[in-house]
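Here, each number is a calculation from the coordinates, and none is a lab measurement. Predicted, not measured: the structure shown is a model, and the values here were computed from it. Cβ coordinates were reconstructed from backbone atoms using ideal geometry, including for glycine residues, and neighbour counts include every protein chain displayed.
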Amino acid sequence: MTAPPLVVLDTNVVLSALVFPHGRLTVLRRAWQDSRCCPLVSAAAAEELIRALSSPKFKLTPDERQELLADYLPFCNAIQVPADAPRILACRDPFDLPFLQLAVVGRADYLVSGDKDLLSLASEFQRPIITGDTFLSLLNM
């Protein structure tokens, strides 16, 4: 039996899986719950997710936000990204840097994103950067 892939899911991918019950990435939620993949999370990634879930556009109550976090964070492996994290490619969006660092430090098999800035780095980055749809195909979902 092979170990499930270690995966960094950017915030938008996690939001798509958690917040939109009829979205195409909703099945990703089942993948981490069934241990078909192992999401990696750092303090910065968790903070970004908490901030995003608090956005007024989602209209989530504090209890709903806690419930969604409880449906994700316990399935994640926490990775401590050191203050002197390895040097990473320059990226256009500084908010993407924590996900790139997490992928390197956590030795992720994949960084899954729909972010064009991240996807544009795919050919140069030391870990594979793929879309959510591609990742679901790899999982045969």
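The HN-Hα couplings worked out from phi for segment 10-16 by the Karplus form 6.51 cos²θ - 1.76 cosθ + 1.60 (θ = phi - 60°) are 5, 4, 5, 5, 4, 4, 4 Hz, whole numbers, x standing for Gly and Pro.
As a proxy for reagent exposure, Phe135, Phe20 were ordered by neighbouring Cβ count within 10 angstrom, fewest first; the result is Phe20, Phe135.
Report the gain in length on full extension from Arg51 to Thr2: 0.36 nm times residue separation, minus Cα-Cα distance, nm rounded to one decimal.
Details: separation 49, 0.36 × 49 = 17.64 nm, distance 3.45 nm.
So the chain would gain 14.2 nm between Arg51 and Thr2.
Note on Arg107 and Lys59: the extension gain reaches 13.8 nm, defined as 0.36 nm multiplied by sequence separation minus the Cα-Cα distance. Between the amide H of Leu9 and those of Leu40, Val112, distances stay under 5 Å, these residues lying 5 or more places away or on another chain, with hydrogens modeled in the peptide plane.
Modelled label positions at Gln80 and Ala122, each set 7 Å beyond Cα in the direction of Cβ, lie 3.4 nm from each other.
Per the Debye formula on identical point scatterers at the alpha carbon atoms of the chain, with no solvent, log10 I(q)/I(0) at q = 0.09, 0.10 Å⁻¹ is -0.25, -0.30.
Working note: Karplus 6.51/-1.76/1.60 with θ = phi - 60° gives segment 69-83 the couplings 4, 5, 8, 10, 4, x, 8, 9, 9, 7, 10, 8, 8, x, 4 Hz, where Gly and Pro are set to x. Quick one: grab the alpha carbon gyration tensor of segment 84-133, order the square roots of its eigenvalues as a ≥ b ≥ c, and give me rounded if a/c is under 1.5, else prolate or oblate depending on whether a/b is larger than b/c. It is oblate, given that a/c is not under 1.5 and a/b is not larger than b/c.
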